[in-house]
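Data first, discussion second: the structure below is written as structure tokens.
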Amino acid sequence: MSPVRQSLVIVGAGPRGTGILERIAANSLDSEGEFALDVHLVDPYPPGGGRIWRQEQSPLLWMNSQAQDVTMFTDETVEVAGPVVPGPVLHEWAGIDGRTFADRRRQGGYLRWVYERAVARLPEGVAVHHHARRALRVGGPRHGRQQVWLEGRARPLLADVVVLAQGHLDAELDDEQQALSAYAVRHGLVHLPPDFTADTDLSALAPGQDVLVRGFGLAFVDLMVLLTEGRGGRYEEDARGEVVYLPSGREPVLHVGSRRGVPYHSKLGYDWDAEAGERPPLPRFLGPAQIDELLARDGGFGPDDFRRDVWPLIDKELGYAHYHRLFTAHPERTNLSWAVFEEKYAAAQPLGAELRDLVASAVPDPADRLDLAALDRPLDGVRHASYEELQEGLRGYITADLERRHDPAHSPDLAVFLGLLSVYGQLTRLGDVGPWWHGFFSYLASGPPGPRLRQLRALSRAGVVKFVGADMRVEAADGVFRATSASVPGARVEARALVEARLPQPTLARTRDVLLRELHEEGARATAAGLLAVDSADGRILYRDGSTHPRRFALGPHTDARGAGAFTRPRTNSPSFRQNDATARAILALLRDLSCRATAA
Ligand SMILES: Cc1cc2nc3c(=O)[nH]c(=O)nc-3n(C[C@H](O)[C@H](O)[C@H](O)COP(=O)(O)OP(=O)(O)OC[C@H]3O[C@@H](n4cnc5c(N)ncnc54)[C@H](O)[C@@H]3O)c2cc1C
């Protein structure tokens, strides 16, 4: 008797949807019996890249990772129950230098290829259908077939299992953004709220117009690129090798500031020098045992105050990575042997006076000490008499950052980077730790490639970018937008345009995605930060009544199973791959079970 035909609907065909399909293909090879399965991929954008990595976008936008750090394939470091199926890392696939920051279109090509390879590897009997539409609603009885309604289709897709891999979502404006937008309409100003910059219509920003930009992270870099090179400007090197910007005359003038007032730290410009010492043996102070202990707190509810319960462990872990490298690679800059320092460091309380004194006595140069609070707030206490002075000051800051981040004499910075990756991986087990940590991580570990900061400095010299400073405040008054900052007391900048250079931060209640909003209204649980709560074991969606939905799964940035939050680096036992594998296996087990029951009935 031929098996009953089954149906799996995956909403979202970006990197996560593609990764799950790859794991379904890999794990199907292990499965016994015939397959009779339709996989419906629902996404208005092409499968593989999806919205963020679609191939139709400006070639000027780069990835923020080196090509050698981006893989969609498992290797022997990945602890999965399913088979390891190796494949090329981005630079191998593209035939480019591993240190290249590939443009996003190229990454879209890689993802498309991964998608097609996964489809080709699915067993006979599995058919994949792409529906280039938005999914609007999931319904159906808890223990029966699910229904997924698509835009423009009168009847739903039927599904034995549904996976929501919807990733980065648009958000409704919050009260502040609504008020700013309404003010802009009343006064004929331009206000661009948080958005995916590649999708924003920037035509309202006129040549030569003063524009306030709030946010100095990666969304700013995209904005800067699209409004400069994207409008016909060019870069050249002068006789001294300095990057110089040649404007097209069509650029607005960007006045950029933020809470920190500085751009994210440059990507490191060198690799690990194995000859000069081993990698820090991590995890050490924030590993599985400490996470178990944190999770067990408060009768199993886990830590409830990130800064109090988790941050001290992070500080100690990153300090350990830093000093391990300093003492082993640059012992001449220390006063103690590593063995003695390590023992005392291990015994000291995190963030305590004993630890501070130990570091002060063992590491003479303050530039060799790790001070995360100072790194987080580099302009604290820095005051300038005028905006002109601030421009000079910040160009100097960027130059110093570029020099340090490209100088292996500061290789403890690279050890801290490895420490940040380790901590990030460990923290995934805690689920939603709130936005602060992600921001801090991105600022230190996931900043722009060096060439982008050189461009920023050139744009500053050309007067196309102007720095506003730290603790930037924007007020809407007297028919304009007005910015002030702590860095230049008493001074202000006025403009008729304001851009919020950051990604939307949708919560389940405030996302524009009607499917997720309704799911939430019908009882799906949200974490404290508003993410969709899922079972960490296999990605099944959790409900407020304490149940997990037997047939609905979700993974990715809109859930508390975010994985690494970025593409996987090779040989890192990536949590995203482990999640994808666990979910794919749970789906296949469920389908097998349902099929057996249908055959027996
Ligand atoms: C602008 C940007 C740049 C980034 N750059 C890097 C980088 O350089 N390096 C790095 O490691 N990481 C980077 N990241 C992080 C990481 O790569 C992304 O988080 C990755 O795209 C996540 O993949 P995803 O499939 O979970 O989500 P997404 O890429 O957002 O894909 C989700 C898909 O779901 C679809 N979808 C959503 N709702 C529906 C619906 N209701 N119906 C149908 N389809 C729906 C969307 O159209 C989209 O295609 C970046 C993230 C962003 C936002």
inquiry  = Condition first: out of contact with any strand residue (DSSP E or B) (no Cβ under 9 Å at 6 or more places or on another chain) and within 13 Å of the ligand (Cβ to nearest atom). Can you find one or more residues in the stretch 85-94 that meet it?
reply    = no
task = Being part of a loop (DSSP other than H, G, I, E, B) and within 15 Å of the ligand (Cβ to nearest atom) is the filter here, so list the residues in the stretch 484-506 that pass it.
result = 501, 502, 503, 504, 505, 506
request  = State all residues of the stretch 99-136 that are within 25 Å of residue 551 (Cα to Cα), more than 9 Å from the ligand (Cβ to nearest atom) and of a type outside the set (A, V, I, L, M, F, W, C); if no residue qualifies, say none.
outcome  = 115, 121, 123, 124, 125, 129, 130
inquiry  = Can you tell me which residue is farthest from the chain's Cα centre (by Cα) among those in the stretch 217-236 that are without any contact (Cβ under 8 Å) to a residue 60 or more places away in the chain and either part of a loop (DSSP other than H, G, I, E, B) or within 10 Å of residue 458 (Cβ to Cβ) (or both)?
reply    = 236
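Does the stretch 458-467 contain any residue that is modelled with pLDDT of 95 or more, of a type outside the set (Val, Ile, Thr) and under 13 Å from residue 213 (Cα atoms)?
Taking the stretch 458-467 and keeping what is modelled with pLDDT of 95 or more, we get 458-467.
In the following step, the residues that additionally are of a type outside the set (Val, Ile, Thr) were identified as 458-463, 466-467.
Filter once more, so that each one left must be under 13 Å from residue 213 (Cα atoms): 466-467.
So far as the stretch 458-467 goes, yes, one or more of its residues are modelled with pLDDT of 95 or more, of a type outside the set (Val, Ile, Thr) and under 13 Å from residue 213 (Cα atoms).
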message = Which residue is surrounded by the most Cβ atoms within 10 Å (Cβ to Cβ), if the candidates are limited to the stretch 350-391 and must be closer than 21 Å to residue 461 by Cα and among the polar types (S, T, N, Q)?
response = 391
task = Report, by residue number, each residue of the stretch 28-80 that is under 19 Å from residue 116 (Cα atoms), in a loop (DSSP other than H, G, I, E, B) and within 7 Å of the ligand (Cβ to nearest atom).
result = 43, 44, 45, 50, 51, 52, 53, 70
key: Looking only at the stretch 550-577, and only at residues there that are under 18 Å from the mean Cα position of the chain (by Cα) and charged (D, E, K, R), the one that is farthest from residue 71 (Cα to Cα)   = 560
key: residue 345 being crowded, with 16+ Cβ neighbours inside 10 Å, among the hydroxyl-bearing types (Ser, Thr, Tyr) and touching a residue at least 60 places away in the same chain (Cβ under 8 Å)   = no
task = Inspect the stretch 171-188 for any residue being of a type in the set (Phe, Trp, Tyr) and within 16 Å of the ligand (Cβ to nearest atom) and give the result as yes or no.
result = no
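Would you check which residues across the stretch 542-571 are under 30 Å from residue 104 (Cβ atoms) and away from the ligand (no atom under 12 Å from the Cβ) and list them?
Of the residues in the stretch 542-571, the ones under 30 Å from residue 104 (Cβ atoms) are 553-571.
The answer is 553, 560, 570, 571.
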request  = Report, ordered by the first and then the second residue, all pairs with beta carbons closer than 6 Å, sequence separation of six or more or different chains, a first member in the stretch 1-21 that is within 11 Å of residue 48 (Cβ to Cβ) and in contact (Cβ under 8 Å) with a residue 12 or more places away in the chain, and a second member that is near the ligand (Cβ under 10 Å from one of its atoms) and not aliphatic (A, V, I, L, M).
outcome  = 13/43; 13/47; 13/50; 14/50; 14/167; 18/48
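Within the stretch 359-375, take every residue that is touching a helix residue (DSSP H, G or I) at 6+ places or on another chain (Cβ under 8 Å) and charged (D, E, K, R) and give me the one that is nearest to residue 408 (Cα to Cα). Steps first, answer last, please.
If we filter the stretch 359-375 for residues that are touching a helix residue (DSSP H, G or I) at 6+ places or on another chain (Cβ under 8 Å), which is where we start, we get 359, 362-365, 368-370, 372, 375.
Filter once more, keeping what is charged (D, E, K, R): 365, 368-369.
Numbers: 365: 17, 368: 13, 369: 16 Å.
Once the filter is applied, the top-ranked residue is 368.
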query = Taking the stated definitions as given, is residue 164 within 16 Å of the ligand (Cβ to nearest atom) and either within 26 Å of residue 477 (Cα to Cα) or in contact (Cβ under 8 Å) with a residue 12 or more places away in the chain (or both)?
reply = yes
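The values are calculated or read from the model by the stated rules, or taken from the named source; none is laboratory data. It should be emphasised that the depicted structure is a prediction, and the values quoted were computed from it without experimental measurement. Every residue, glycine among them, receives a Cβ derived from its backbone with ideal geometry; neighbour counts consider all protein chains shown.
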